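Below is one structure, written out as structure tokens; the observations come after it.
The values are calculated or read from the model by the stated rules, or taken from the named source; none is laboratory data. Model, not experiment: these values are computed from the prediction. Here the Cβ is made from the backbone with ideal geometry for all residues, glycine too, and neighbour counts use every protein chain on show.
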Amino acid sequence: MKKPEKKSGNEASKLISIGLTVVLLFAIGYIVMRSPSPKTQSGAPASNTEIKDGIQYVTIDAKGGYSPRISEVKAGIPTKLIVKTNGTYDCSSSIVINALNYRKILPQTGETEIDIGTGKAGDTLQGLCGMGMYNFQIKFN
Ligand SMILES: [Cu+2]
């Protein structure tokens, strides 16, 4: 004797539970997307630039290296680099930008503004720590 299959009933309850799961996932996604995301330290390029009164500011952190390592900025706008230190005792506080003949020991904590001029599209400015072990790049687009 074959058992009568309750296929249609099973299918229906499966569909309902799949439907509920999908709705639940959308609800979770919605809640997650609405909540403020923490500021990324080394994340997406271009998030660390700001144009104010016709001057482009690009900000990087110096502590155990440079973050973000690569910054993308706009070409054709006077640009200033702000290097932030915060209890920086390692050699990333000693900064060298050869192309600008720039060399400085940054304060252990503070912000240092460096005029990096107006870049052309395709230019890349490279900075190094005093020992040359850490580096960062500013790319002009
Ligand atoms: Cu170094």
Residue pairs qualifying under the 7 Å Cβ cut-off, at least six apart or on distinct chains, with the first in region 55-72 being in the same structural domain as THR124 (by TED's automatic domain parsing) and hydroxyl-bearing (Ser, Thr, Tyr) and the second being part of a loop (DSSP other than H, G, I, E, B) and modelled with pLDDT of 95 or more, are THR59/ASN48; TYR66/TYR134; SER71/ASN48
Considering only residues that are within 16 Å of the ligand (Cβ to nearest atom), crowded, with 19+ Cβ neighbours inside 10 Å and within 20 Å of the chain's Cα centre (by Cα), which ones fall in region 89-128?
SER92, GLY127, LEU128
Pull up region 129-141, narrow it to residues that are out of contact with any Ser or Thr (no Cβ under 8 Å at 6 or more places or on another chain) and surrounded by 12 or more Cβ atoms within 10 Å (Cβ to Cβ), then point me to the one that is nearest to ASN48 (Cα to Cα).
ASN141
